[in-house]
1. Output the residues belonging to the range 1-60 that are among the aromatic types (Phe, Trp, Tyr) and either open to solvent by 40 Å² or more (accessible area, probe 1.4 Å) or within 22 Å of GLY180 (Cβ to Cβ) (or both).
2. Take the range 174-212 and flag every residue that is closer than 23 Å to HIS18 by Cβ and under 16 Å from the mean Cα position of the chain (by Cα).
3. Can you spot a residue in the range 59-73 that is in a helix (DSSP H, G or I) and at negative phi?
4. Return the only residue of ARG146, ARG150 being open to solvent by 50 Å² or more (accessible area, probe 1.4 Å), closer than 30 Å to LEU7 by Cα and not aromatic (Phe, Trp, Tyr).
5. I'd like the full set of residues that are out of contact with any helix residue (DSSP H, G or I) (no Cβ under 9 Å at 6 or more places or on another chain) and open to solvent by less than 70 Å² (accessible area, probe 1.4 Å), limited to the range 214-230.
6. Pick out the one residue from THR129, THR42 that is of a type in the set (S, T, N, Q), modelled with pLDDT of 95 or more and part of a helix (DSSP H, G or I).
7. Cβ-Cβ below 9 Å, separation at least six or inter-chain, first residue in the range 159-176 and touching a residue at least 24 places away in the same chain (Cβ under 8 Å), second charged (D, E, K, R) and open to solvent by less than 30 Å² (accessible area, probe 1.4 Å): which pairs?
8. Is it the case that the range 27-39 has a residue that's in contact with a Pro (Cβ under 7 Å, 6 or more places away or on another chain) and at pLDDT 95 or above?
Amino acid sequence: MLRVQDLHAFYGESHILHGVDFDVKRGELVTLLGRNGSGRSTTLKSIMNMVGRRTGSIMVNGNETLDMKPHHIPRLGIGYCPEERGIFASLDVHENLLLPPTVRSDGMTLDEIYAMFPNLYERRKSQGTRLSGGEQQMLAMARILRTGARILLLDEITEGLAPVIVQKLAEVLMMLKERGMTIVLVEQNFRFAAPLADRHYVMDHGQIVEEITAAQLPSRREHLNSMLGV
């Protein structure tokens, strides 16, 4: 579904990613782990062509996207949920959900989304600024599910959220996996990510330095914790 090879990314003269290589198979949930500043969020932004300059290869569903304009990339069925969420404050929940165009015909319906996120149904007439942090995060995720995206790039979705909301997001990710979604998760909360993922990629200084499968995780956990500074 997604193959990144020798990806370099730049902001102005700053060289942020230094030859990133990884792939994600259909239906997998893969994490990008690493300390702050390791290049994880820049990797997601590079996939969406939201950096100054990028070189290498990014294949989405067999399509090379390196020269694609940013607004064309979602049409390949890829959705991006940024760390800052991007909720429109002047719109209510329902209007925020309807705002992005559908890119494929098999997106989740509003009824399905409200069933998955009952809090959003209860707050559907509330403006974006009146939502809690957890509700804003749910809305940011729900918004890309309606578009028909089958590959989800999720950036730090649990940051600053209460444990009960974090648990709800874990349940949602498992439901999305069961629906056949392919997910790339940038996450600082390793306890949240560990039981969900099929594979973990560890980043450091703009490179992938290690790959650990779910089966390898029990024997590698202490080593991984030391790399992440946990």
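The values are calculated or read from the model by the stated rules, or taken from the named source; none is laboratory data. The model shown is predicted, which means the values in this text are computed figures rather than measured ones. Counting neighbours? That spans all protein chains shown, and the Cβs are built from the backbone with ideal geometry, glycine included. Side chains included, ligands, DNA and RNA excluded: accessible areas come from the protein's heavy atoms. Shrake-Rupley method; radii C 1.70, N 1.55, O 1.52, S 1.80 Å.
1. Our first condition is that a residue be among the aromatic types (Phe, Trp, Tyr); within the range 1-60, this holds for 10-11, 22.
Answer for the range 1-60, where residues must be among the aromatic types (Phe, Trp, Tyr) and either open to solvent by 40 Å² or more (accessible area, probe 1.4 Å) or within 22 Å of GLY180 (Cβ to Cβ) (or both): TYR11, PHE22.
2. Once the filter is applied, which keeps residues that are closer than 23 Å to HIS18 by Cβ and under 16 Å from the mean Cα position of the chain (by Cα), the range 174-212 yields VAL184, LEU185, VAL186, GLU187, GLN188, ARG199, HIS200, TYR201, VAL202, MET203.
3. Within the range 59-73 (the criterion being in a helix (DSSP H, G or I) and at negative phi), the answer is yes, since at least one residue qualifies.
4. Step by step, each of ARG146, ARG150 is checked, and only ARG150 is open to solvent by 50 Å² or more (accessible area, probe 1.4 Å), closer than 30 Å to LEU7 by Cα and not aromatic (Phe, Trp, Tyr).
5. Selection gives ALA214, ARG220, MET227, GLY229.
6. The unique qualifying residue is THR42.
7. Within 9 Å, the pairs are GLU159/GLU187; ILE165/GLU135.
8. First, pick out the residues of the range 27-39 that are in contact with a Pro (Cβ under 7 Å, 6 or more places away or on another chain): none.
Scanning the range 27-39 turns up no residue that is in contact with a Pro (Cβ under 7 Å, 6 or more places away or on another chain) and at pLDDT 95 or above.
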